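J.: Sharing a structure with you now.
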Amino acid sequence: MATEERVLCFERKLLEKLGVFQGLILEIEKYLPVVTSSSNISYLNRSDAEHDPRYKQLIPYVLILCNDRILRYRRGKGGQETRLHGLYSVGVGGHIAEEDHGLFSAAQGYQDGMRRELIEEVAIEDLQEAAVALINDDSTEVGQVHFGVVHIARVPDESIASRRSGIVGPEFVPIEEAVREAAACESWSRFCLENLEALLAKAAAAGVPVPDRVTS
């Protein structure tokens, strides 16, 4: 019998101490070091964590740019999160599993975990990236048990491959088109697209090349 996946979580009461917010914020320096501290994390069976709002699962959520285009895909029926099936997304990422224990012992460890998700899901390895924001959405059942770390990543070309059945039809589309059609996206992607200029400006300040006209 296959062993159930155990995923990285932190207690919601920790978020309450730091300050609960709804939606997307740029104050990543205030929250991320605390919620990824080895003294504050634990691993739960995913089947339990998905329905226990006392805990938040930590999820890297990476927006991938190539020049003035952004990667977008549709959530397929093969994805484990059935509540998102059929919605568009501009964020790639997933849970940190117990097999990755030790990723948070140093900042570089988190980067390794995030990059591993990109390789596993869309076969992307060569990129420049920066963590730019956090997402908390307690308005939905999905959001109540997840906590997102938003990254902006730039890749040199549009070569991608969908390696998981939960990612359908990945393609790079003009940023303007993605923003215009944000209503068709899952909530986290809507938050990102609605605040995209601020996210790109923060990424640019961190040294990630982004379209000049978006941040001007």
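J.: For segment 126-216, which fully contained strands (runs of 3 or more DSSP E) count at least 2 residues that are under 28 Å from Lys13 (Cβ atoms)?
T.: It comes to 128-136, 146-154.
J.: Out of Val155, Val132, Val168, Val150, which single residue is buried (at least 17 other Cβ atoms within 10 Å of the Cβ), modelled with pLDDT under 95 and closer than 18 Å to Pro211 by Cβ?
T.: Val155
J.: Still on this model: Of the conditions (1) out of contact with any strand residue (DSSP E or B) (no Cβ under 8 Å at 6 or more places or on another chain); (2) of a type in the set (Ser, Thr, Tyr); (3) within 25 Å of Val20 (Cβ to Cβ), Ser159 satisfies every one except a single condition; which number is it?
T.: (3)
J.: Exactly one condition in (1) in contact with an Asp or Glu (Cβ under 6 Å, 6 or more places away or on another chain); (2) among the small types (Gly, Ala, Ser); (3) at positive phi is not met by Ala123; state its number.
T.: Answer for Ala123: the failing condition is (1).
J.: Within the bounds of segment 48-64, is there any residue that is small (Gly, Ala, Ser), surrounded by fewer than 18 Cβ atoms within 10 Å (Cβ to Cβ) and farther than 13 Å from Leu14 by Cα?
T.: So far as segment 48-64 goes, no, none of its residues is small (Gly, Ala, Ser), surrounded by fewer than 18 Cβ atoms within 10 Å (Cβ to Cβ) and farther than 13 Å from Leu14 by Cα.
J.: Hey, could you check segment 1-19 for residues that are assigned to a loop (DSSP other than H, G, I, E, B) and in contact with a strand residue (DSSP E or B) (Cβ under 7 Å, 6 or more places away or on another chain) and say which is surrounded by the most Cβ atoms within 10 Å (Cβ to Cβ)?
T.: Across segment 1-19, the extreme among qualifying residues is Glu5.
J.: Related question: Just give me the residues in segment 20-45 being outside any loop (DSSP other than H, G, I, E, B), open to solvent by 30 Å² or more (accessible area, probe 1.4 Å) and either over 15 Å from Val132 (Cβ atoms) or in contact with a helix residue (DSSP H, G or I) (Cβ under 7 Å, 6 or more places away or on another chain) (or both), in sequence order.
T.: Across segment 20-45, the qualifying residues are Leu24, Lys30, Pro33, Val34, Ile41, Ser42, Leu44, Asn45.
J.: Among the residues of segment 19-50, which ones are more than 23 Å from Ala198 (Cβ to Cβ) and either at pLDDT below 90 or not small (Gly, Ala, Ser) (or both)?
T.: Matches in segment 19-50: Ser37, Ser38, Ser39, Asn40, Ile41, Ser42, Tyr43, Leu44, Asn45, Arg46, Asp48, Glu50.
J.: Could I ask something else about it? Just to be sure I understand the filter: pairs with C-beta atoms under 7 Å, separated by 6 or more residues or on different chains, first member in segment 18-37 and touching a residue at least 60 places away in the same chain (Cβ under 8 Å) and closer than 21 Å to Glu186 by Cα, second member open to solvent by 30 Å² or more (accessible area, probe 1.4 Å) and among the basic types (Lys, Arg). Which pairs pass?
T.: Filtered contacts from segment 18-37: Leu26/Lys202.
The values are calculated or read from the model by the stated rules, or taken from the named source; none is laboratory data. Just so you know, these numbers come straight off a predicted model, no measurement behind them. Using ideal geometry, Cβ is built from the backbone for each residue, glycine included, and neighbour counts are taken over all protein chains shown. For accessibility, only protein heavy atoms count, side chains too; no ligands or nucleic acids. Shrake-Rupley method; radii C 1.70, N 1.55, O 1.52, S 1.80 Å.
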